[in-house]
Amino acid sequence: MVKKVDHIGIAVHSIEDVLPFYTDILKLQLVGFEEVHSQQVKVAFLSAGETKIELLEPISDQSAVANFLSKRGEGIHHIAFGVENLESRLAELKEKGVPLIDETPRKGAAQANIAFLHPQAANKVLVELCEKQRGDENDN
């Protein structure tokens, strides 16, 4: 079912403030920035080998990331696993009784199709499944 750990999402108050740690100290390569209006976040992608680090900054007080930050503070927000055929994976998980936040895929950063599992499914860890567009496996 899972091809790889695609990325690890880290919620931050300010990408600008934390980015030097990842680029200057850890020497991770900045891949790019993107605003995902449907999620109400600004995202910075960093390359860490085959896995990306996704810094998530809310652009609205109504975003899920803003809510996360107000409750828990900065830190790991989610882990994303790369999958193929996301729609069938979600149907399979639903059939097995796995609690889902998203029963159908939606567009995420880098135009990937994404869906979140409810944290109850993974011992309070927010899990994202993402399916990249063909040819974008190594992109954001």
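What follows is calculated from the coordinates using simple rules that are stated; it is not laboratory data. Computed from a prediction, not measured in an experiment: that's the story for all the values here. Ideal geometry is used to build each Cβ from the backbone, glycine not excepted, and the neighbour counts take in all protein chains shown.
Annotations
- Only one of L117, L100, L93 that is out of contact with any Gly (no Cβ under 6 Å at 6 or more places or on another chain) and either buried (at least 20 other Cβ atoms within 10 Å of the Cβ) or under 21 Å from I15 (Cβ atoms) (or both): L117
- Residue list for the stretch 43-75, filter: part of a loop (DSSP other than H, G, I, E, B), free of Cβ contacts under 8 Å to residues at least 24 places away in the same chain and not hydroxyl-bearing (S, T, Y): G49, D61, Q62, G73
- Taken over the stretch 26-46, residues that are buried (at least 16 other Cβ atoms within 10 Å of the Cβ) and not acidic (D, E) amount to 11.
- Sole exception among (1) under 19 Å from E34 (Cα atoms); (2) surrounded by fewer than 16 Cβ atoms within 10 Å (Cβ to Cβ) for G108, by number: (2)
Let's see how each residue does on (1) in contact with a helix residue (DSSP H, G or I) (Cβ under 8 Å, 6 or more places away or on another chain); (2) closer than 23 Å to F81 by Cα; (3) of a type outside the set (S, T, N, Q):
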site: Y22; (1), (2), (3): no, yes, yes
site: L28; (1), (2), (3): yes, yes, yes
site: G32; (1), (2), (3): no, yes, yes
site: Q40; (1), (2), (3): yes, yes, no
site: S47; (1), (2), (3): no, yes, no
site: E54; (1), (2), (3): yes, yes, yes
site: Q62; (1), (2), (3): no, no, no
site: F68; (1), (2), (3): no, yes, yes
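- Any hit, the stretch 5-27, residues being without any contact (Cβ under 8 Å) to a residue 60 or more places away in the chain, touching a Ser or Thr at 6+ places or on another chain (Cβ under 9 Å) and part of a loop (DSSP other than H, G, I, E, B): no
- When residues of the stretch 1-25 are limited to those that are within 17 Å of H77 (Cβ to Cβ) and of a type in the set (D, E), the one surrounded by the fewest Cβ atoms within 10 Å (Cβ to Cβ): D17
- Residues (assigned to a helix (DSSP H, G or I), in contact (Cβ under 8 Å) with a residue 60 or more places away in the chain and under 17 Å from H77 (Cα atoms)) located in the stretch 100-125: A109
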